[in-house]
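Have a look at the structure below, then the notes.
The values are calculated or read from the model by the stated rules, or taken from the named source; none is laboratory data. Since we're looking at a predicted model, the values are computed, not measured. We place every Cβ from the backbone using ideal geometry, glycine too, and count neighbours over all the protein chains shown. Areas reflect the complete protein model, heavy atoms only, side chains present, ligands, DNA and RNA absent. Shrake-Rupley method; radii C 1.70, N 1.55, O 1.52, S 1.80 Å.
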Amino acid sequence: MNPLSPDTPLDPDFEEFRRNGHAVIDEVVRYFQEIRDYPVLADVKPGEVARNLRRPEGEAGISELLDHYRATILPGVTHWNHPRFFAYFAITGSQAGILGELLSAALNVNGMLWRTSPSATEVEEQTLRWLGELLGLPPWFGIINDTASINIFLALAAAREATGLDIRTRGMAGRDLPPMRIYCSDQAHSSVDKAAIALGFGLDGLRRVSSDRELRLDPVRLREEITRDVAAGILPMAVIATLGTTSTAAVDPLEEVAAVAEQHGMWVHVDAAYGGAAAILEEYRWIWRGLERVDSLVVNPHKWLFTPIDCSVLYTRKPELLRQTFSLIPEYLKTTDEGVTNYMDFGLQLGRRFRALKLWLVLSYYGAERLRARVGDHIRYAERLASELESLRGIEIAAPQSMSVVAFRRIVRVDGETDEAASELETQELHDHINASGRCFVSHTRLRDQLVIRVAIGNGATVWSDVEVLLDLVREFGDR
Ligand SMILES: Cc1ncc(COP(=O)(O)O)c(C=O)c1O
């Protein structure tokens with residue numbers, strides 16, 4: 001413990017740090033060893049954790065604090081690292097990723113400029129080149145930010161700059177600008193709407209084109225919408241193709257979408273935040289068809305590439321536009337270094353964590369084959385889950401099964417007809433039954449106004465027997 005003398009560093013004792021570190025690692029290892037015993041979804045009342053949290057007063061030892069963490073904080077955790085976390089998009093705090101976070105926290109660098117830590121910049125640049133190769137992407141410029149939501153905002157800001165309307169300098173207010181519009185499918189992620197709000201297009205500046213039967217962006221409807229808008233004096237600015245939608249992992253037909261966009265000189269952004277990881281497998285490279293007409297693309301290693309949150313990659317073939325949009329160098333940040341990347345020039349934030357370290361560690365420690373094997377396993381589990389569910393009475397697969405996502409619902413038939421109200425009620429009950437068991441966590445969505453249960457498999461530790469637990473819960477509900 002630190003003596004309270006005025007001239008003592010904050011952390012003077014490295015042996016104490018070693019002991020504390022070992023105790024924390026022991027706690028982390030125990031957590032992973034016992035994780036299947038935890039209820040996946042936290043079972044606490046609102047305010048309970050805050051009320052019981054130890055007030056930071058005076059000094060305390062790690063062992064006392066770890067006891068408190070186990071007693072108060074862990075019970076309020078929903079276990080995203082649980083192998084039976086099937087909600088939203090399942091993610092992984094892999095061992096290599098956790099150690100990468102530890103190393104990066106110890107270095108604690110701020111990679112805003114190349115010179116503020118050349119390794120932070122160069123590990124990021126090089127790792128993103130290798131990640132691109134692993135996924136079969138062209139050698140584009142890449143930058144890591146926290147989330148896909150921020151990256152789509154940056155991409156659409158560059159798209160806005162690409163219109164040549166000099167919005168960076170002159171803004172949008174009080175000018176005689178044509179109304180601008182962004183297009184995506186009705187299945188695209190809500191981060192597109194948020195970017196439209198933040199960039200001044202407003203929600204009216206976004207057109208959600210209704211998707212086709214397989215919940216993909218329909219290029220014919222897209223063309224019709226754009227043609228109508230152009231006739232009304234609207235400037236079509238950008239289109240977003242989602243490769244792996246949030247609800248059903250549907251893959252928009254990029255090639256056709258990009259062809260429509262090209263006719264109008266629009267920016268094409270690809271949201272492969274989740275689905276991009278599938279392209280680690282040769283048999284999924286087809287999702288990139290049309291990439292030669294794409295301007296920017298997002299893939300999240302923190303979703304399905306076993307890297308702890310947060311780590312989202314924005315690739316673009318037009319880094320100069322990103323720089324033109326955001327570069328602003330106050331005197332104190334001017335440097336004379338030549339031939340280097342200063343990542344602060346390519347986005348909104350100045351300070352930036354050394355996230356590339358954990359990504360590099362994940363890619364290097366596991367190697368391509370092991371990563372491929374796990375992603376492939378997840379897809380096989382999802383296919384098998386869909387086929388087993390389909391064979392159950394009272395269950396309907398609600399959308400074409402894609403990647404590692406399965407969407408299904410309970411279905412109640414009366415005289416051969418589907419009773420929608422009863423189906424909705426039973427689907428809700430099944431959803432609640434699964435989650436209340438504590439053994440699995442699933443989420444829901446709404447497809448064509450029908451309530452649907454959504455399963456996404458993607459945790460590095462998940463094995464088929466975990467998925468079987470979910471199947472058992474569904475069967476158990478059917479047998480009531
Ligand atoms: C397809 C898709 N894009 C973007 C996002 C937003 O991701 P983030 O949480 O990294 O902002 C999500 C989130 O699940 C998503 O499913």
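Any idea what the dipole of region 190-347 comes to, in debye rounded to 20, about its Cα centre with Lys/Arg Cβ at +1 and Asp/Glu Cβ at -1?
So the dipole magnitude of region 190-347 works out to roughly 220 debye.
How far, in nm, would the chain grow between ARG480 and ARG36 when pulled straight, counting 0.36 nm per residue and subtracting the alpha carbon separation?
This chain segment gains 157.3 nm when fully extended.
Could I have the simple spin-label model distance between TYR332 and ILE309, label points 7 Å from Cα toward Cβ, reported in nm to one decimal?
Output for this residue pair reads 3.3 nm.
Note down the nm distance, to one decimal, between modelled labels 7 Å out along Cα→Cβ at VAL469 and at ASN108.
My value for the distance between the label points is 3.8 nm.
Would you pull out the residues with amide H under 5 Å of CYS311's amide H, same chain only if 5 or more places away, H placed 1.01 Å from N?
HIS302
Going through region 60-165, which GluC sites (Glu not before Pro) have at most 15 other Cβ atoms within 10 Å and a DSSP loop state? Could you put the intermediate results ahead of the total?
Details: sites: GLU64, GLU101, GLU122, GLU124, GLU125, GLU133, GLU161; in loops: none.
Within region 60-165, no GluC sites (Glu not before Pro) qualify (loop, at most 15 other Cβ atoms within 10 Å).
Given +1 on the Cβ of Lys and Arg, -1 on the Cβ of Asp and Glu, and no further charges, what dipole in debye does the chain carry about its Cα centre, rounded to the nearest 20? Could you put the intermediate results ahead of the total?
Values: 52 positive and 68 negative charges, 126 e Å.
Result for the chain is approximately 600 debye, rounded to the nearest 20.
Assuming 0.36 nm per residue, please report the length gained on full extension of the stretch VAL28 to ASP186 beyond their Cα-Cα distance. Could the numbers behind the result be given before it?
Values: separation 158, 0.36 × 158 = 56.88 nm, distance 4.09 nm.
That works out to 52.8 nm of additional length.
Accessible area per residue, 1.4 Å probe, Å², for region 1-77: what's the number?
Value returned for region 1-77: 77 Å² of accessible area per residue.
With a ≥ b ≥ c taken as the square roots of the eigenvalues of the C-alpha gyration tensor of region 146-211, please select rounded if a/c is under 1.5 and otherwise prolate if a/b is larger than b/c or oblate if it is not?
Oblate, because a/c is 1.5 or more while a/b does not exceed b/c.
Run the helix sum for the chain: -39,500 (n - 2.57) per DSSP H stretch of 4+ residues, divided by residue count, reported at 222 nm to the nearest 500 deg cm²/dmol.
Rounded to the nearest 500, the figure is -12500 deg cm²/dmol.
Would you list, by chain and number, the aspartates and glutamates whose Cα falls below 17 Å from the Cα of LYS358, excluding same-chain residues fewer than 8 positions away?
Within the straight-line cut-off, LYS358 pairs with GLU101, GLU122, GLU124, GLU125, ASP146, ASP310.
Which one of ALA96, PHE14, ASN151 is farthest out on the positive end of the charge dipole of region 1-160, using unit charges on Cβ (Lys, Arg +1; Asp, Glu -1) and the Cα centre as origin?
ASN151
Using a probe of 1.4 angstrom, how much of the accessible area of the chain is carbon and sulfur, in percent? Intermediate results must be reported in sequence, preceding the final value.
Values: 11960 of 22790 Å².
Taking all protein chains in place, the chain shows 52 percent carbon and sulfur surface.
Where the centroid of each part is defined by its Cα atoms, how far is region 421-454 from region 311-338 in Å?
After rounding, the separation between the Cα centres reads 45 Å.
Once phi is turned into ³J(HN,Hα) by the Karplus curve 6.51 cos²θ - 1.76 cosθ + 1.60 with θ = phi - 60°, what whole-Hz value does each residue of region 59-68 show in order, with x for glycine and proline?
Values per residue, Gly and Pro as x: 9, 8, x, 4, 5, 5, 5, 5, 4, 5 Hz.
Full-extension gain between ALA422 and SER387, please, as 0.36 nm times their residue separation minus the C-alpha to C-alpha distance.
Details: separation 35, 0.36 × 35 = 12.60 nm, distance 2.37 nm.
This chain segment gains 10.2 nm when fully extended.
Accessible area per residue of region 369-480 at 1.4 Å probe, in Å²? Can you show the working numbers first?
Numbers: 5060 Å² over 112 residues.
So region 369-480 comes to 45 Å² accessible per residue, rounded to a whole number.
Note down the magnitude of the dipole of region 1-99 about its Cα centre, charges +1 on Lys and Arg C-beta and -1 on Asp and Glu C-beta and zero elsewhere, to the nearest 20 debye.
On the way: 10 positive and 15 negative charges, 122 e Å.
About 580 debye.
Tell me the net charge near TYR381. Cut-off is 10 Å between Cβ atoms, TYR381 excluded, with +1 for each Lys or Arg and -1 for each Asp or Glu.
The answer is -2.
Which of the trypsin sites (Lys or Arg not before Pro) found in region 28-63 are in a DSSP loop and have at most 16 neighbouring Cβ atoms, other than their own, within 10 Å?
On the way: sites: ARG30, ARG36, ARG51, ARG54; in loops: ARG54.
Passing both the DSSP loop test and the Cβ count: ARG54.
Residues with amide H under 5 Å of TRP267's amide H, sequence separation 5 or more or different chain, H placed in the peptide plane at 1.01 Å from N; which?
ALA238, VAL239
Post the alpha-carbon centroid distance, region 388-409 to region 123-192, in whole angstrom.
Here the two parts' Cα centres lie 34 Å apart.
Would you mind checking region 13-53 for residues with the amide N under 14 Å from a putative spin-label position 7 Å along Cα→C-beta of THR78?
39-46
As an exercise, use a Förster radius of 35 Å and the Cβ-Cβ distance of HIS433 and ASP176 to find the FRET efficiency, rounded to the nearest 0.05. Mind showing how you got there, number by number?
On the way: r = 58 Å, r/R0 = 1.66.
E between HIS433 and ASP176, to the nearest 0.05, is 0.05.
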